[in-house]
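Notes to accompany the following structure.
The values are calculated or read from the model by the stated rules, or taken from the named source; none is laboratory data. Since the structure is predicted, the reported quantities are computational estimates derived from the model, not experimental observations. Positions of Cβ are backbone-derived with ideal geometry, glycine not excepted, and every protein chain shown enters the neighbour counts. Ligands, DNA and RNA are stripped out before the accessible areas are found, and what is left, the full protein with its side chains, is counted by its heavy atoms. Shrake-Rupley method; radii C 1.70, N 1.55, O 1.52, S 1.80 Å.
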Amino acid sequence: MSLRKLKIILEMIKFEHSIFALPFAFMGAVLGNIVVEQTWPTWMEILWVTVAMVGARSAAMSLNRLIDRFIDAKNPRTANRAIPAGLISIVEVVVFIVVSFAVLFFAAFQLNSLAVKLLPLAVFVLILYSYTKRFTWLCHFVLGVAIGFGPLGGWVATTGQVDGTGLLLFISVLFWTAGFDIMYACQDADFDRKEGLYSMPSRFGISKALLIARGCHVITFFGLLSLYMIADLSIWFLVGVLISGAILLYEHSLVKPTDLSKLDVAFFNMNGILSMVMFTFTMLDLVIS
């Protein structure tokens, strides 16, 4: 595969949006090891967590673009994506998916046995998500599970176990993801309804969907607040949670049922900032306290 084609694929899967999930994966890896093992993870563990996350996200996004190529071709918003626009071939995308999954599997085998045992579940969810909008408006929550596996995977990678604290982080990220995905789906509500696709906005309307998204983010806020108390973290983590809560409030203030013009700012900018804020203040907490 040429560098030009690789660049097209990386643009297609929005590689830069790894900022959404990667900081939470690091957060899970570091926080898990501190809480469970009372020590910092090794640099090699962090390296393999990074490689696993890049492989998983690259495979999942490419698979989603491949499976949705006919839907994307019909939607004016997505018709210029690489596959429907003919910029990349199906074979090239399939090769990239296989390589990405191979990278994920190789990284997992460098970590621990539980990480390997959970691989089939992670792969199943990554594949399942791309089909869910064909049969359920709960598709946003399946995406939440997929993204939530990032921090939970980081937790498992460095601790070799799943516990209540790790699951609380997983649930917080699950509802954070579901909330912003519901918001993002508002722009396709009419198209989804016309094509018989399932989403919260197409099922309940934009106004109710935005209320559901707010509810999801309330759960996220209180989940992170509970994590602060259960993991016996310091004021720095709490400051990060409070700033993240303010970011979520501002994000929702940008999007109104009658005005979706600022949706991209709310979706891309605010959520990327929130992810970095939580990771930064988690690190400050663990380094300073």
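Can you pull out the chymotrypsin sites (Phe, Trp or Tyr not before Pro) in the range 1-85 that DSSP calls coil and that have at most 11 other Cβ atoms within 10 Å? Before the final figure, lay out the partial values.
On the way: sites: F15, F20, F24, F26, W43, W48, F70; in loops: F20.
Here no chymotrypsin sites (Phe, Trp or Tyr not before Pro) fit, given the DSSP loop and packing criteria.
Along the axis of the charge dipole computed for the range 138-289 (Cβ charges of +1 for Lys and Arg, -1 for Asp and Glu, origin at the Cα centre), the listed residues L284, S226, V162 are led at the positive end by S226. Potential lengthening of the chain between L87 and K14 amounts to 24.8 nm, from the contour at 0.36 nm per residue minus the alpha-carbon distance. Spin-label model, L167/A246: points 7 Å from Cα along the beta carbon direction are separated by 3.4 nm. A simple spin-label model places pseudo-atoms 7 Å from Cα toward Cβ; at F135 and I288 they are separated by 5.0 nm.
Taking M276, M53 and ordering them by how much accessible surface each has at a 1.4 Å probe, largest first, produces M276, M53.
How many Å² of accessible area per residue for the range 11-98, probe 1.4 Å?
Working: 3950 Å² over 88 residues.
Dividing the accessible area of the range 11-98 by its residue count gives 45 Å².
Measuring between their Cα centroids, the range 15-65 and the range 102-118 lie 12 Å from each other. Computed from point charges on the beta carbon alone (+1 for Lys and Arg, -1 for Asp and Glu), the dipole magnitude for the range 53-205 about its Cα centre is near 220 Debye.
GNM remark for the chain: springs join alpha carbons under 10 Å apart, and the peak mean-square fluctuation among G179, G240, G196 falls on G196.
Modelled label positions at F204 and V94, each set 7 Å beyond Cα in the direction of Cβ, lie 3.9 nm from each other.
Under a Gaussian network description of the chain, with springs only between Cα atoms under 10 Å, the residue in F105, F149, F135 that fluctuates furthest is F135. Only one residue of F237, L31, G148 has its Cα farthest out toward the positive end of the dipole of the chain, where Lys and Arg carry +1 and Asp and Glu -1 on Cβ, and that residue is G148. Among rounded, prolate and oblate, which fits the range 94-252 when a ≥ b ≥ c are the square roots of the eigenvalues of its C-alpha gyration tensor, a/c under 1.5 means rounded, and a/b larger than b/c means prolate? Verdict is oblate for the range 94-252.
I'd like the carbon and sulfur percentage of the solvent accessible area for the range 171-241, probe radius 1.4 Å, heavy atoms only, ligands and nucleic acids excluded. Before the final figure, lay out each step's value.
Details: 1900 of 3000 Å².
Carbon and sulfur together cover 63 percent of it.
The dipole here belongs to the chain: it is taken about the Cα centre, uses +1 on the Cβ of Lys and Arg and -1 on the Cβ of Asp and Glu, and is about 900 debye.
Need the full-extension length gain, E37 to K74, defined as separation in residues times 0.36 nm minus the C-alpha distance. One decimal, nm. Please report the intermediate quantities before stating the final value.
Details: separation 37, 0.36 × 37 = 13.32 nm, distance 5.12 nm.
Between E37 and K74, full extension yields 8.2 nm more.
Between L47 and D259, what FRET efficiency follows from the Cβ-Cβ distance if R0 is 45 Å, with the result rounded to 0.05? Mind showing how you got there, number by number?
Working: r = 44 Å, r/R0 = 0.97.
Here the calculated transfer efficiency is 0.55.
On a straight-distance basis, which aspartates and glutamates could pair with K14 in a cross-link, Cα separation under 16 angstrom, same-chain partners fewer than 8 positions away excluded? Correct list for K14: D68, D72, D181, D264. Ignoring ligands, DNA and RNA, please state the percent of accessible area on the range 41-133 from carbon and sulfur, probe 1.4 Å. Of the solvent-accessible surface of the range 41-133, carbon and sulfur hold 75 percent. Centroid-to-centroid, using Cα positions, the range 227-258 and the range 167-202 are 20 Å apart.
The convex hull drawn around the Cα atoms of the chain, when projected onto a plane and averaged over every direction, covers 14.2 nm². Comparing D72, D192, D259 in a Gaussian network model of the chain where C-alpha atoms under 10 Å apart are linked, the largest mean-square fluctuation is found at D259.
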